[in-house]
1. Please work out whether region 173-254 counts as rounded, prolate or oblate from its C-alpha gyration tensor, where a ≥ b ≥ c are the square roots of the eigenvalues and a/c under 1.5 means rounded, while otherwise a/b larger than b/c means prolate and anything else oblate?
2. Rounded to the nearest 500 deg cm²/dmol, what is the calculated helix-only ellipticity per residue at 222 nm for the chain, with -39500 (n - 2.57) per DSSP H run of length n ≥ 4?
3. For a quick check of understanding: with a 1.4 angstrom probe and all protein chains in place, what accessible area in square angstrom does Ser87 have, to the nearest ten?
4. Please compute the contact order of the chain in relative form: average sequence separation of alpha-carbon pairs under 8 Å and at least six residues apart, divided by the residue count, as a percent.
5. Once the Cα gyration tensor of the chain is found, what semi-axes does its equivalent ellipsoid get, as square roots of 5 times the eigenvalues, in whole Å, sorted largest first?
6. Suppose a student asked you for the relative contact order of region 250-310, using Cα pairs under 8 Å spaced at least 6 residues apart; what percent would you report?
7. Which residue, Phe190, Phe259, Phe129, tops the fluctuation ranking in a GNM of the chain built on C-alpha contacts under 10 Å?
8. Over the chain, with every protein chain in place, what whole percent of the accessible area is carbon and sulfur at 1.4 Å, could you tell me?
Amino acid sequence: MIEIGVIIPFYQKNRGILRRSLESVLTQTGLGRVSVSVIVVDDGSPISADEEIEGLVWSPPFSIDVIKSENGGVARARNRGLDHAGSRFDYIAFLDSDDEWPATHLIDAIRSLEGGADFYFTDNSRQGFHASHLGQSNGPMKTGLAHQDILKNRLEVIAPNRMAELCLTDFPCQASTTVFRSSAARDLRFSERLKYSGEDVLFFFELACRSRAVVCNPHSSVQCGTGVNMYFSNLNWDSENYIYIKSNHLKLQIYIFNFRKSNIRLFCLNIKYMILCAGDYAFHLLRSIVKNGKSGLARARGSLLDLCDI
């Protein structure tokens, strides 16, 4: 029996969003001897997880646990799920509470992981942003991902160092698209100091560095929803949290600089993006002060304090 744990951090303000995500888990096909254990971490959500799962039938091979916690952000919620999972599962999958999987997501991932990969991910679409992340004109498929070796089943095999580079340059894997071998990342956790952006980039960068092989399935796609999202809901220059997103971009590069497992190419990319992020942050820092006066100064000061929390 193959056991897979599905970790869902949950904080939503509208009913029915988590339910649709859970239904996409329950409609997974071709599982055979695969046990699927869903771990929902209710991160102080205004809509109760218990209310969302009411009436759903959890019979073998599916089961569900709900963990209640005070609101602490997506990184802490995912970490709570990973702690709860422990070493019980062969594989771990992430699913954000407003996202939906295609029906073969888990079995496609398991086939790749059983073939020797440690890290699997797919394409994704996001309403209002892109129909295909990998297929964007400036996306990962256009900048080198498609030039990797192609298997007979049309999957892309990516060397770990190459995947680490892609995490820095294009970040091809949204969390809900990923499934990984738990033994490859038993002690790996999301940085709770990256509250506004980058916690997923750092996690999957480190996972890539630990993996023997990474497999991308560009022919499958996860539908990313429009629920509460700290990052995408603040991608506006005048958003109160935009300056914090910029400070977290720079903080991420500092964390990667201190990772100390990078090759020379990764090191040079890291330095390049650290300089770019520093310049971008400085621009928005000054813009916030000039445009918003005292409130902008308060945001700038808060983002500087956040940046110093390394």
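1. In terms of gyration-tensor shape, oblate.
2. Rounded to the nearest 500, the figure is -12500 deg cm²/dmol.
3. Approximately 90 Å² for this residue.
4. Once divided by the residue count of the chain, the mean separation gives 19 percent.
5. In descending order the semi-axes read 31, 25, 17 Å.
6. RCO, region 250-310: 35 percent.
7. Of Phe190, Phe259, Phe129, the most mobile in the Gaussian network model is Phe129.
8. Roughly 52 percent, rounded to a whole number.
The values are calculated or read from the model by the stated rules, or taken from the named source; none is laboratory data. Keep in mind that what you see is a predicted model, and the values were worked out from it rather than measured. Only protein heavy atoms, including side chains, enter the accessible area calculation; ligands, DNA and RNA are left aside. Shrake-Rupley method; radii C 1.70, N 1.55, O 1.52, S 1.80 Å.
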